[in-house]
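Encoded as structure tokens, the structure appears first; notes follow it.
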Amino acid sequence: GDHWAAENAIDGDFKTRWSSEFTDVEWFAVDLGAQTLVSSVSIFWERAFGLSYELQKGDSLLEGSPWTTIVTIEGSDGDIDLLDGLDVRTRYLRLLTADRATQYGHAMWEFQVHGTQSPVCCIGPL
């Protein structure tokens, strides 16, 4: 597989990672397979992390489909971000980044969704 592929962020392996292009505004999305109740999301950032970003929910991964912001994070310090108390129902979750901490892209070891179902698939532009 691709060294920085989207699947790396949901494979349970903390030695593989997803990384975006080296720009501020990037995104990463997961398909939960069905409408799912999401209670929290854990993001395990690599050294190149997102300083500010939004966690969004949506009903489609098709280009131009609407996304609704669930939570906005400003000034993350990297490492592990636990976004809890979400209590949202969705099929798709998207991480939309705004500012990056380094000159590299946004990179994470794992994107864990806690709720009634785990991600079955994922997508991110490379």
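The residue that is nearest to residue 2 (Cα to Cα), among those in the stretch 50-80 that are surrounded by 17 or more Cβ atoms within 10 Å (Cβ to Cβ) and in contact (Cβ under 8 Å) with a residue 40 or more places away in the chain, is 50. At pLDDT 95 or above and on the phi < 0 side of the Ramachandran plot: is that true of residue 31 in this structure? No. From the list 44, 28, 22, the lone residue that is surrounded by 17 or more Cβ atoms within 10 Å (Cβ to Cβ), in contact (Cβ under 8 Å) with a residue 24 or more places away in the chain and out of contact with any Asp or Glu (no Cβ under 7 Å at 6 or more places or on another chain) is 28. Residues in the stretch 85-119 that are under 14 Å from the mean Cα position of the chain (by Cα) and not in a strand (DSSP E or B): 105, 106, 118, 119.
Of the residues contained in the stretch 92-108, none is found to be open to solvent by 10 Å² or more (accessible area, probe 1.4 Å) and closer than 18 Å to residue 12 by Cα.
The values are calculated or read from the model by the stated rules, or taken from the named source; none is laboratory data. Bear in mind that the values here come from a model prediction, so they are computed numbers and not experimental data. Counting neighbours? That spans all protein chains shown, and the Cβs are built from the backbone with ideal geometry, glycine included. Heads up: the accessible areas ignore ligands, DNA and RNA and are worked out on the full protein's heavy atoms, side chains in. Shrake-Rupley method; radii C 1.70, N 1.55, O 1.52, S 1.80 Å.
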